Amino acid sequence: MKIYGKALPEILAEMPWQLKIIVMAGMIWIPFALIHAIYIFATIGRYVARPGIVSFSNNPLNMSVADPSLAPVYGSKGDFMAFTIVTRYHDVRDPNAARWAAGIRLAQTRPPCKVWSDVGQVVSSTQEEIVGPDGVNTLDPHGQWWFEQPALIFDPTDPDPHKAYKMWYYRYLWLGGDAKDLQLSRLYGMIGYKTAADPTTGQWSTETWTFGAKTKTSDAAMDGRPPDPYGSLIQYHIDDFDPSLKDVYFYSRPSAAIYHDVIYLTLSGFAQTGDTPDRVIMLASTDHAQTWRYVGTLLHAADVSKMGPYTRLGGATLAEKDDKLYLAAVLGDNKVMGLGAFVIPFEDPAKGLLVKDKKTGYPAIINHIPRVSVQPSQVGGGFTAYSDRCKGTYESEYSGLKKNIHIFQTQKDLVVKD
């Protein structure tokens, strides 16, 4: 090819050396540009997903959010998420002051589940006069009730349409962080329950107190049952289900799932002393949460050291995938309280049996969903919810970078396919 009667070699030979460098660089760059363009066109619509903090439309990132629980939105491809949120409330002690307290809020989304729209508060922290352990004297004229750890399910076959959505949560008295106050928080703790036909209307049922404990102790005033009127309002004292539960002082962290038309509910059981659960138990209902039976204890704190290099049991949540039920346990070691979620399949949920490792005879971990924050902390996390609709697991974790608890979309599947 000639340009103005000259061949390309002649043109190059007459160019200044600076232009020759530019031309040669361009000739080298063109093939790489073509290859890159082909790659871009071939991978349109695909990207490498990375873990990230879940964005709630009404929540600035400086507020603590934790304990995700997912349920499908009726008539939609999306999900509801119930979660714990710590926010400011009016303090009746001082009209000019505010108090921080935990309540439960709801959000919803549609695929690809990038933004969660606010639905509203389900349970808000309240202040009231609290009767003391002796049943006579006032413990605190302005005691605070805190609400955490929601367990939300959609039960479309319940004959009562007003109970299509069911939510359990941990309700407890908060007085402060010292040892005596924490013991009172444990004494005044129970599992609350609400239902709704459509959560988007904000019309939830009146709260009922479904589960609690009544463990006997050396100090009768501190037996694991709140004094009346509180204790008499609890429908089921779980100690009554089985003699092996007599030493459980209180229960928290409900998690629920409907599997083969049965509602399964797990709870973390605590001894009177200790900051982490002693065990995870499971209950079941075949009549839409009207009555319950004790299925069994799924995990003991003493089991975790047999399952790997772990020393702590943080609790657990239920999750379902491909018509199989799983327990996602939070395990820790001597340095980190929660190293993430450790997924264990059920062998037979109706009997409370987990799949056992053939070598150890203890529950078999088939997947680990690790902490995902940019700067992990020693508090850690791992309380997990899973959704097919939103393509993955959601996990609450304390971020060492943000210095707060957040819910992360982990971009990890509940079960790794072979």
For the range 207-251, the count of residues that are acidic (D, E) and modelled with pLDDT of 95 or more equals 2
Of the residues in the range 255-276 that are more than 16 Å from G352 (Cβ to Cβ) and buried (at least 16 other Cβ atoms within 10 Å of the Cβ), the one that is modelled with the lowest pLDDT is Q272
Filtering the range 286-319 for residues that are assigned to a strand (DSSP E or B) and buried (at least 18 other Cβ atoms within 10 Å of the Cβ) leaves a count of 12
Here, strands (runs of 3 or more DSSP E) confined to the range 367-418 with at least 3 residues that are crowded, with 19+ Cβ neighbours inside 10 Å are 376-387, 392-399, 404-409
Subset of the range 248-264, residues under 13 Å from F211 (Cα atoms) and not small (G, A, S), comes to V248, Y249, F250, Y251, R253, P254
Only one of (1) touching a Leu at 6+ places or on another chain (Cβ under 6 Å); (2) among the hydrophobic types (A, V, I, L, M, F, W, C); (3) modelled with pLDDT under 90 does not apply to V92, and that is (1)
Requiring at least 2 residues that are surrounded by 19 or more Cβ atoms within 10 Å (Cβ to Cβ), the strands (runs of 3 or more DSSP E) wholly within the range 147-251 are 165-174, 189-196, 208-212
**Prompt:** In this structure, is R88 in contact with a strand residue (DSSP E or B) (Cβ under 9 Å, 6 or more places away or on another chain), basic (K, R), in the same structural domain as Y394 (by TED's automatic domain parsing) and closer than 23 Å to Y398 by Cβ?
**Reply:** yes
May I ask you to verify whether V336 is assigned by TED's automatic domain parsing to the domain that holds P376 and part of a loop (DSSP other than H, G, I, E, B)?
yes
Item to complete: Determine, yes or no, whether T43 is of a type in the set (S, T, Y), at pLDDT 80 or above and either more than 30 Å from P161 (Cα to Cα) or surrounded by 15 or more Cβ atoms within 10 Å (Cβ to Cβ) (or both).
Response: no
Residue count, the range 92-146, condition of a type in the set (A, V, I, L, M, F, W, C) and part of a loop (DSSP other than H, G, I, E, B), comes to 4
All-but-one check, S124 against (1) polar (S, T, N, Q); (2) within 28 Å of P226 (Cα to Cα); (3) modelled with pLDDT under 90, failing number (3)
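Let's see how each residue does on (1) of a type in the set (G, A, S); (2) surrounded by fewer than 18 Cβ atoms within 10 Å (Cβ to Cβ):
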{"position": "V65", "(1), (2)": "no, no"}
{"position": "V73", "(1), (2)": "no, no"}
{"position": "F83", "(1), (2)": "no, no"}
{"position": "R88", "(1), (2)": "no, yes"}
{"position": "D94", "(1), (2)": "no, yes"}
{"position": "A98", "(1), (2)": "yes, yes"}
{"position": "T109", "(1), (2)": "no, no"}
Checked against (1) under 13 Å from I405 (Cβ atoms); (2) of a type in the set (A, V, I, L, M); (3) part of a strand (DSSP E or B), A71 satisfies every condition except (1)
Picking from L245, L267, L283, the residue that is in contact with a helix residue (DSSP H, G or I) (Cβ under 6 Å, 6 or more places away or on another chain) and within 18 Å of F211 (Cβ to Cβ) would be L245
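The values are calculated or read from the model by the stated rules, or taken from the named source; none is laboratory data. Since the model is a prediction, treat every value here as computed from it, not as a measurement. All Cβ positions, even for glycine, are placed from backbone atoms using ideal geometry, and neighbour counts span all protein chains on display.
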